[in-house]
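Okay, so here's the structure we're looking at.
Laboratory data are not the source of any read-out in this text; all were calculated from the coordinates shown. Keep in mind the model is a prediction, meaning the values are calculated, not measured. So basically every Cβ, Gly included, is an ideal-geometry build from the backbone, and we count neighbours across all protein chains shown.
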Amino acid sequence: MICKRFVRRNTGVYAVLKTSLYLPKYLFMKYRELGKTAQKLSAIGLGCMGMNHGYGKADDDESIATLNLSLELGINFWDTADIYANGKNEELVARVLRPNRDKVFIATKFGFRQKEDGGKAMPGAPGSFFDGSPAYIKVAVEKSLKRLGIETIDLYYAHRIDPNVPVEEMVGAMARLVDEGKVRYLGLSEASAASIRRAYAVHPIAALQSEYSLLTRDLEAGILPVCRELGVSLVPFSPLSRGLITNTIKIDDIPGDDFRKTLPRFSDENKDNNEKLAQAFAGIAEEKSCTAAQLAIAWVLAQGQDIIPIPGTKKTKYLRENAAAVDIDLSAGDLLAIQTVIDQYPLTGSRYGEGAMKLVNN
């Protein structure tokens, strides 16, 4: 066991961890409020996508162990989606979710579909399209509820904004799910400031899930201020820049079945810049006696109490490492040193290819 024991208290969960250079002996999970809901979620959530989707070979046993460990560490916020492994990600998560329903705040997403002639239901993938129609929402929620084996989804996201369906119609259909007791709170993903405002006028939006990290900060200019004005939490996915910032991967060694092979940041064009950036960033982490992953998560956490990142992992050792980031405090000097390194290596490349970027910030 990684976590030998834990004690629940009114303010959180203490976990006694195996110690190493980068792990404290005791971990005290911290909690943040989701939007205006009064729901207290672990300051670091768990992104479940990579357990059996997009990042090479799956290991269900290790994933199940990771989900169980998250509960021991006080991580109560899990994120999945119906497109991940064509629904099998929801089914995998359900194996631990169902017997621990009162301990988990579960979020899932709808919208990406696969055309009948084939292809993958992924952003920008051939044969894939987004469907935010009220008719499809009714179908999608029932399938997710069945796969998850629960009666109510805690947080239900529109995975993107459908350019062919008015935001008001889509969110109106989502709001009816709340009235029916099938969903508790609503969220959007990769939406623009204008879309967030239009959606919020129909029904309160609890969270915006978008990519946000040291290397992806475009939403700081307009989207994040609107979220803060309306009281919408930001839930960053890929706070580790798909693992790039951790300095633990070599771009040339990424296997062919890993979807990062399709992303510009992992292309030959940007490889030299990004590997040098990761090495320099890891140097700052070493000075802080933490890993680069922990430092990157700590930076995201430091951007505001209304931000709840969901780093993804399918391994217990990385979950334990990620969770310990809640105890890292960054000084003004640390933040300056981090920004200086980022500025030295600006040619990181786009986070998505052209097709997928067309569905971002609509």
* Within the chain: Cβ-based charge dipole about Cα centre, in debye rounded to nearest 20 (Lys, Arg +1; Asp, Glu -1) -> 1040
* **Partners for K138 among aspartates and glutamates (Cα-Cα distance below 18 Å; same-chain residues under 8 apart left out)** => D82, E90, E151, D154, D162, E168, E169, D179, E180
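Could you work out [θ]222 nm for the chain from helices alone, using -39500 (n - 2.57) per DSSP H run of at least four and dividing by all its residues? Round to the nearest 500 deg cm²/dmol. Walk me through the numbers before you get to the answer.
Values: 11 runs with 124 residues, N = 362.
That calculation yields -10500 deg cm²/dmol at 222 nm.
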* Structure fact -> Pseudo-spin-label distance F28 to S350, built 7 Å along Cα→Cβ, given in nm, is 4.6
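Contour minus end-to-end for Y14 and D252, with contour as 0.36 nm per residue of separation and end-to-end as the Cα-Cα distance? Walk me through the numbers on the way to the answer.
Numbers: separation 238, 0.36 × 238 = 85.68 nm, distance 3.97 nm.
The span from Y14 to D252 would gain 81.7 nm if fully extended.
Determine, from the Cβ-Cβ distance of R95 and D218 and an R0 of 35 Å, the FRET efficiency 1/(1 + (r/R0)^6), rounded to the nearest 0.05.
On the way: r = 36 Å, r/R0 = 1.04.
Once rounded, the FRET efficiency stands at 0.45.
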* Sticking with the crude label model, points 7 Å out along Cα→Cβ, report the distance from T262 to V139 in nm, one decimal please. => 2.2
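Give the percent of DSSP beta bridges with both residues in the chain that are antiparallel, rounded to the nearest 5. Write out the running numbers ahead of the final one.
On the way: 19 of 43 bridges.
So the antiparallel bridges in the chain amount to around 45 percent.
Can you tell me the length gained on complete extension of the stretch R228 to S289, counting 0.36 nm per residue apart and subtracting the Cα distance? Intermediate values should be presented prior to the final figure.
Values: separation 61, 0.36 × 61 = 21.96 nm, distance 3.26 nm.
Additional length available on full extension: 18.7 nm.
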* Work out, step by step, the length gained on full extension between V178 and A194: first 0.36 nm times the residue separation, then minus their alpha carbon distance; give nm to one decimal. => 3.5 nm
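Grab the beta carbon distance between K36 and T152, set R0 = 22 Å, and tell me the FRET efficiency rounded to 0.05.
Values: r = 19 Å, r/R0 = 0.86.
Efficiency at R0 = 22 Å is approximately 0.70.
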* To do: Between beta-carbons, use under 14 Å as the cut-off and find the net charge around L219, counting Lys and Arg +1, Asp and Glu -1.
  => -3
